[in-house]
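Structure first, then comments.
The values are calculated or read from the model by the stated rules, or taken from the named source; none is laboratory data. Keep in mind that what you see is a predicted model, and the values were worked out from it rather than measured. We place every Cβ from the backbone using ideal geometry, glycine too, and count neighbours over all the protein chains shown.
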Amino acid sequence: MNEDQVLHDLTPEQRAVINNSPYSNDDLAPIPAEERTWGLVNIAHLWVGMSVCIPTYMLASSLIAAGMNWWQAILTVAAGNLIVCIPMLLNGHAGTKYGITFPVFARASFGTLGTHVASVLRAVVACGWFGIQTWIGGAAIYSLALLALPDLAETPVIPLLSSDYIDVNIAQFACFLFFWAINIGLFVWKGMDSIKYIEHWGAPLLIGMGLALLVWAWINADGFGPMLTQPDQFETRADFWRAFFPGLTAMVGFWATLSLNIPDFTRHARSQKDQMWGQFLGLNTTMPFYAFVGVAVTSATIVIFGEAIWDPVELLARFDSFTLILVSMFALALATLTTNMAANVVAPAAAFSNFLPRLISLRRGALITGLIGILMMPWQLIANPGVYIFTWLIGYSALLGPIGGILVCDYFVIRRTRMKLADLYELHGEYGYAKGFNIRAMIALVVAIAPNVPGFLAQVTDIAVPEGLANLYNYAWFIGFIIAFLVYGLLMKSARK
């Protein structure tokens, strides 16, 4: 047992407090060091499975659709990865050291009850992502079904689910619900073990699928030359920077979710070395690679089809070979499943379990996640690149950046990584604050979110917003993180004097 694992320091009385606490259950209690089985390779596989997914491909290719050339898009993705990797590793430290989930970790800064504010905000975003990934997987199944039964395309459109961006017919929605049932059923049946198993077997296949797409693009576009020499669409350097910073914020926002609840996974890691190197290598190699696949193949579609096809499901449906389409759609569904299980089920399930520990287990929390994911109508969120980047990715990064700033400041600056583990499970312990809520964290959260509200309103409504305030929105995660970090630190330091 290394020096970072502190569970052996618990007295019998403290263990009893955790076991008998109304704020604990089998899923929220700290994992003893001897029960942690994830090594560096497991953590790296986790990131391969989460990074190699259709939203990764779509994020990179949507940058092409926004006017960037291939190297500008890759630069944006790689820079965003390196930035978000910092809070990812920092927050992951607490999971490995104390064996706790994100909602329990957040109790130290937000309060035993205030943690619900942070964890539920994170959970709602994850529910949206769960719906997006499930819709993509369902779309792959629908494309396969059309090959066997072309008349499915003529099934009636469901007006309540449709919009100017997308029409949803009965067959599409049925395929979505079918894939939804696979995701929820597998997790409910196997729990966290299902993630480790799927990532282990899925990672190599997913990388192979990416390489196969690159080969197809290279052959059909007559080499990388034509597809990678596509110029950007910016008239001036200033036009590029106006696209780059929102793209960078969207890239950071892409993983802003996992940068918060990463303790849900690192609590299974055997050591800090395993979690840190596993994350750094898994994220910063796989994500740029798959982003390159996205931009290269999207650029190739301009050469091959005369238009940029940024949705890989739509692209693969244009292939002539039934066997090729079948294999490709299976790989797409697997890629979606691996990401969904790890990135979008665990966090909200843990948050809902934390809300009512005695009534909601991790498995029941997963079911709640799935139901909310349907209600959020995810097909609308990815119907076009503008909505995907500026409304969805940047919008929720304005909420999650401040939470990340508070967590990092509290754990590393205020507490210097030292927490009283048993007190995390008590209403009247050190982290009970004022009736369970740390008012200073709430103030920091509101103050940090406020500057980004005008820009968000400008995106989703016709409200006129001053240009300066609207432009702040392009840096939403950064502004929120920095302001929350500073405000929370000042408030907590003054309270301790």
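Please work out which one of (1) at pLDDT 85 or above; (2) buried (at least 19 other Cβ atoms within 10 Å of the Cβ) is the condition Pro22 fails and give its number.
In the conditions (1) at pLDDT 85 or above; (2) buried (at least 19 other Cβ atoms within 10 Å of the Cβ), Pro22 misses (2) alone.
Which one is modelled with the lowest pLDDT among residues in the stretch 60-92 that are closer than 23 Å to Gly208 by Cα and either in contact with a Phe, Trp or Tyr (Cβ under 6 Å, 6 or more places away or on another chain) or among the polar types (S, T, N, Q) (or both)?
For the stretch 60-92, the residue satisfying everything is Ser61.
Go through (1) part of a helix (DSSP H, G or I); (2) over 30 Å from Arg15 (Cβ atoms); (3) touching a residue at least 12 places away in the same chain (Cβ under 8 Å) for Ala383 and report which single condition fails.
So Ala383 meets the others, but not (1).
For Phe173, are the conditions met, namely being modelled with pLDDT of 85 or more, closer than 21 Å to Ile372 by Cα and either outside any helix (DSSP H, G or I) or of a type outside the set (A, V, I, L, M) (or both)? Reasoning before the result, please.
On the way: modelled with pLDDT of 85 or more: yes; closer than 21 Å to Ile372 by Cα: yes; either outside any helix (DSSP H, G or I) or of a type outside the set (A, V, I, L, M) (or both): yes.
So Phe173 fits the description; yes.
Quick check, is Asn452 more than 22 Å from Gly92 (Cβ to Cβ), buried (at least 21 other Cβ atoms within 10 Å of the Cβ) and at pLDDT below 95?
Judged against the criteria, Asn452 is a match.
Within the stretch 370-384, count every residue that is among the β-branched types (Val, Ile, Thr) and at pLDDT below 90.
Restricting attention to the stretch 370-384, the residues satisfying the condition of being among the β-branched types (Val, Ile, Thr) are 372, 374, 382.
Next, only the ones that are at pLDDT below 90 stay: 382.
Result for the stretch 370-384: 1.
Identify, by number, the condition in (1) surrounded by fewer than 20 Cβ atoms within 10 Å (Cβ to Cβ); (2) in a helix (DSSP H, G or I) that Lys97 doesn't meet.
Single failed check for Lys97: (1).
Select, from Asp423, Asp462, the only residue that is modelled with pLDDT under 95 and under 23 Å from Gly92 (Cα atoms).
On the way: Asp462 fails: under 23 Å from Gly92 (Cα atoms).
When all the criteria are applied, what remains is Asp423.
Does the stretch 298-345 hold any residues that are of a type in the set (A, V, I, L, M) and under 19 Å from the mean Cα position of the chain (by Cα), and which are they? Outline the logic, then answer.
First, the residues of the stretch 298-345 that are of a type in the set (A, V, I, L, M): 300, 302-304, 308-309, 313, 315-317, 324-327, 329, 331-335, 337, 341-343, 345.
Of everything in the stretch 298-345, those that are of a type in the set (A, V, I, L, M) and under 19 Å from the mean Cα position of the chain (by Cα) turn out to be Leu332, Ala333, Leu334, Ala335, Leu337, Met341, Ala342, Ala343, Val345.
Quick check on my filter: what residues within the stretch 273-284 are over 20 Å from the mean Cα position of the chain (by Cα) and either closer than 15 Å to Leu75 by Cα or modelled with pLDDT under 85 (or both)?
In the first step, residues of the stretch 273-284 are kept if they are over 20 Å from the mean Cα position of the chain (by Cα); the result is 273-274.
Within the stretch 273-284, no residue meets the criteria.
For Ala33, which of the numbered conditions (1) at pLDDT 85 or above; (2) among the aliphatic types (A, V, I, L, M); (3) closer than 21 Å to Arg270 by Cα fails to hold?
All conditions are met except number (1).
Among the residues of the stretch 398-434, how many are of a type in the set (Phe, Trp, Tyr) and surrounded by 23 or more Cβ atoms within 10 Å (Cβ to Cβ)? Walk me through it before giving the result.
If we filter the stretch 398-434 for residues that are of a type in the set (Phe, Trp, Tyr), which is where we start, we get 411-412, 425, 431, 433.
After this cut, where a residue has to be surrounded by 23 or more Cβ atoms within 10 Å (Cβ to Cβ) as well, the list is 425, 431.
Number of matching residues: 2.
Give just the number: which of (1) in contact with a helix residue (DSSP H, G or I) (Cβ under 6 Å, 6 or more places away or on another chain); (2) outside any helix (DSSP H, G or I); (3) among the aliphatic types (A, V, I, L, M); (4) more than 22 Å from Trp379 (Cα to Cα) does Ala351 not satisfy?
Tallying (1) in contact with a helix residue (DSSP H, G or I) (Cβ under 6 Å, 6 or more places away or on another chain); (2) outside any helix (DSSP H, G or I); (3) among the aliphatic types (A, V, I, L, M); (4) more than 22 Å from Trp379 (Cα to Cα), Ala351 fails exactly one: (2).
Considering each residue of the stretch 100-121, count those that are of a type in the set (A, V, I, L, M) and out of contact with any Lys or Arg (no Cβ under 8 Å at 6 or more places or on another chain), and give that number.
Taking the stretch 100-121 and keeping what is of a type in the set (A, V, I, L, M), we get 100, 104, 106, 108, 113, 117-118, 120-121.
Next, from what is left, pick out any that are out of contact with any Lys or Arg (no Cβ under 8 Å at 6 or more places or on another chain): 104, 106, 117-118, 120-121.
Total satisfying the criteria: 6.
Which members of the stretch 126-152 meet the condition of being farther than 18 Å from Leu326 by Cα and exposed (fewer than 13 other Cβ atoms within 10 Å of the Cβ)?
The one that is farther than 18 Å from Leu326 by Cα and exposed (fewer than 13 other Cβ atoms within 10 Å of the Cβ): Asp151.
Output the number of residues of the stretch 236-272 satisfying the condition of being surrounded by fewer than 15 Cβ atoms within 10 Å (Cβ to Cβ) and at pLDDT below 85.
Counting residues in the stretch 236-272 that are surrounded by fewer than 15 Cβ atoms within 10 Å (Cβ to Cβ) and at pLDDT below 85 gives 0.
Scan the stretch 322-343 and tell me whether some residue there is in contact with a helix residue (DSSP H, G or I) (Cβ under 9 Å, 6 or more places away or on another chain), assigned to a loop (DSSP other than H, G, I, E, B) and surrounded by fewer than 23 Cβ atoms within 10 Å (Cβ to Cβ).
In the first step, residues of the stretch 322-343 are kept if they are in contact with a helix residue (DSSP H, G or I) (Cβ under 9 Å, 6 or more places away or on another chain); the result is 322, 324-343.
Among the residues that remain, those that are also assigned to a loop (DSSP other than H, G, I, E, B) are: none.
Checked against the condition, which is being in contact with a helix residue (DSSP H, G or I) (Cβ under 9 Å, 6 or more places away or on another chain), assigned to a loop (DSSP other than H, G, I, E, B) and surrounded by fewer than 23 Cβ atoms within 10 Å (Cβ to Cβ), the stretch 322-343 yields no hits at all.
Applying the selection to the stretch 153-169, what residues are crowded, with 17+ Cβ neighbours inside 10 Å and either small (Gly, Ala, Ser) or in a helix (DSSP H, G or I) (or both)?
Here is the first cut: in the stretch 153-169, the residues crowded, with 17+ Cβ neighbours inside 10 Å are 161, 168-169.
Result: Leu161, single match.
Restricting the search to the stretch 435-449, which residues are touching a residue at least 24 places away in the same chain (Cβ under 8 Å), surrounded by fewer than 18 Cβ atoms within 10 Å (Cβ to Cβ) and closer than 20 Å to Ile394 by Cβ?
Answer for the stretch 435-449, where residues must be touching a residue at least 24 places away in the same chain (Cβ under 8 Å), surrounded by fewer than 18 Cβ atoms within 10 Å (Cβ to Cβ) and closer than 20 Å to Ile394 by Cβ: just Val447.
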